[in-house]
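Novice: Quick one: structure below, then a few questions.
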Amino acid sequence: MDTPSPVTPVTVREVGLRDGLQSIARTLPTAHKLDWLRAAHAAGQREIEVGSFVPARLLPQLADTAELVAVARTLPGLVTSVLVPNLKGAQAALDSGADAMLLPLSASHAHSLANLRKTPDEVVAEIGRIRALRDSSGSCCLIEVGLSTAFGCTIQGRVDETEVLRLLQAVLDAGAERVGLADTVGYADPLQVGRLFERAFKVAGDRLACGHFHDTRGLGLANVFAAWQVGVRRFDACLAGIGGCPHAPGASGNVATEDVAYLFASMGVPTGLDFDALIALRSQVVQWLAGEATHGAIARAGLPKTMKEAA
């Protein structure tokens, strides 16, 4: 009998400390954030986006990002990423010692102007300057670009796939080392996801390394599965399904970390995540954010008996 081929693991990057909290008006105390960070690491998460280097006047919820990076760097095997919107933010990321910086680029012209006050091509030029800054600093901080609104936009409506692919090639030419596609507003469907990721792989190859999905209209996990089927092995997710884009009306609720972990566990795909630890952390975060909308199915229904028996 042939030995079964090992299943390629999937990485789930927790983005709740950034994407989740930036969409909530209240500011979670730094001590709670640090508890969240440490507990997520203890639950097996090895990539965590801990915050964003944006002006505190715009996002006071994330003003303590440098402090979170400092603690995250002490956790063994953890890849610490931060979101940066511009050159000044990139310098702060480099100063902090973060392992990776995520640079947002909207495929929607209208969303780009609303979010960053720049056209997509102006953002591409800024990405080139950020790459030059990183290189001149001698840092090893990885540069990843997330193409937001790649599947549609609440402001602009349809986003042409050829424009997504053009921008994908442009950011690679500008020096991005890794790229991902994001359904920022929850417009994508599984067929669209599979088709666009297949086309994007032909442009970026293995540098296409992340899928970011929202569950705004209930298709989040179906879209994760569709991306996985065509080769994506790294996904963003947010504990308790919180989060969204403050500049995209109606867009709320990232795919829940615990639901994504269950999806892959149900198929025998390893993620390295501990369900009991994740659910315990979720309960704590929901308590800290009492009154805020939270989502997710596995926390309500629990693991099926069949999975428990097989474990």
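Novice: I need the full set of residues from the range 108-157 which are modelled with pLDDT of 95 or more and among the charged types (D, E, K, R), in order please.
Specialist: If the condition is that a residue be modelled with pLDDT of 95 or more and among the charged types (D, E, K, R), then Asp121, Glu122, Glu126, Arg129, Arg131, Arg134, Asp135, Glu144 are the ones that fit.
Novice: Restricting to the range 86-98, name every residue that is buried (at least 18 other Cβ atoms within 10 Å of the Cβ) and within 24 Å of Val12 (Cβ to Cβ).
Specialist: Across the range 86-98, the qualifying residues are Ala93, Ser96, Ala98.
Novice: Does the range 27-37 contain at least one residue that is in contact with a Cys (Cβ under 7 Å, 6 or more places away or on another chain) and of a type in the set (Gly, Ala, Ser)?
Specialist: Checking the range 27-37: not a single residue is in contact with a Cys (Cβ under 7 Å, 6 or more places away or on another chain) and of a type in the set (Gly, Ala, Ser).
Novice: Have a look at Val232, Val203, Val193 and point out the one that is modelled with pLDDT of 95 or more and surrounded by fewer than 19 Cβ atoms within 10 Å (Cβ to Cβ).
Specialist: Val203 is the lone residue from the list that is modelled with pLDDT of 95 or more and surrounded by fewer than 19 Cβ atoms within 10 Å (Cβ to Cβ).
Novice: Spot the failing condition for Leu68; the list is (1) part of a helix (DSSP H, G or I); (2) in contact with a Pro (Cβ under 9 Å, 6 or more places away or on another chain), and only one is missed.
Specialist: Going through (1) part of a helix (DSSP H, G or I); (2) in contact with a Pro (Cβ under 9 Å, 6 or more places away or on another chain) one by one, Leu68 breaks only (2).
Novice: If you don't mind, there's one more thing I want to ask. Kindly indicate the residue of the range 83-93 that is touching a residue at least 40 places away in the same chain (Cβ under 8 Å) and more than 12 Å from Ala70 (Cα to Cα) and also nearest to the chain's Cα centre (by Cα) among those meeting that condition.
Specialist: Leu83
Novice: Identify the single condition in (1) buried (at least 16 other Cβ atoms within 10 Å of the Cβ); (2) at pLDDT below 95; (3) farther than 12 Å from Asp183 by Cα that Ala209 does not satisfy, given that it satisfies every other one.
Specialist: Going through (1) buried (at least 16 other Cβ atoms within 10 Å of the Cβ); (2) at pLDDT below 95; (3) farther than 12 Å from Asp183 by Cα one by one, Ala209 breaks only (2).
Novice: OK, next. Restricting to the range 136-162, and then to whatever is surrounded by 15 or more Cβ atoms within 10 Å (Cβ to Cβ) and of a type in the set (Asp, Glu), can you tell me which residue is farthest from Pro104 (Cα to Cα)?
Specialist: Per the stated criteria, the residue is Glu161.
Novice: I would also like to ask the following. Which one of these is of a type in the set (Phe, Trp, Tyr), within 24 Å of Ile155 (Cα to Cα) and under 18 Å from the mean Cα position of the chain (by Cα): Phe197, Phe225, Phe235?
Specialist: Phe197
Novice: Considering only residues that are free of Cβ contacts under 8 Å to residues at least 24 places away in the same chain and under 20 Å from Leu172 (Cβ atoms), look in the range 108-134 and name the one that is surrounded by the most Cβ atoms within 10 Å (Cβ to Cβ).
Specialist: Within the range 108-134, the match that is surrounded by the most Cβ atoms within 10 Å (Cβ to Cβ) is Ser112.
Novice: Counting just the residues of the range 1-53 that are among the β-branched types (Val, Ile, Thr) and touching a strand residue (DSSP E or B) at 6+ places or on another chain (Cβ under 8 Å), which one comes out nearest to Gly291 (Cα to Cα)?
Specialist: For the range 1-53, the residue satisfying everything is Val15.
Novice: Report whether or not Leu105 is crowded, with 24+ Cβ neighbours inside 10 Å, modelled with pLDDT of 95 or more and not charged (D, E, K, R).
Specialist: Yes: the conditions hold for Leu105.
Novice: Would you confirm whether any residue within the range 30-50 is assigned to a loop (DSSP other than H, G, I, E, B) and without any contact (Cβ under 8 Å) to a residue 12 or more places away in the chain?
Specialist: The answer is no; no qualifying residue exists.
Novice: Something else about it: In the range 176-190, what residues are surrounded by fewer than 18 Cβ atoms within 10 Å (Cβ to Cβ) and more than 17 Å from Arg13 (Cβ to Cβ)?
Specialist: Result: Asp189, Pro190.
Novice: Do we find that Gly211 is of a type in the set (Gly, Ala, Ser) and closer than 26 Å to Ala240 by Cα in this structure?
Specialist: yes
Novice: Regarding Ala70, is this residue surrounded by fewer than 24 Cβ atoms within 10 Å (Cβ to Cβ), under 27 Å from Gly152 (Cβ atoms) and not basic (Lys, Arg)?
Specialist: no
Novice: Let me ask another. Could you check the range 7-22 and list, in sequence order, the residues that are surrounded by fewer than 24 Cβ atoms within 10 Å (Cβ to Cβ) and at pLDDT below 95?
Specialist: Val7, Thr8, Gln22
The values are calculated or read from the model by the stated rules, or taken from the named source; none is laboratory data. Please read these numbers as outputs of a predicted model, since none were measured by experiment. With ideal geometry, Cβ positions are generated from the backbone for all residues, glycine too; neighbour counts draw on all protein chains shown.
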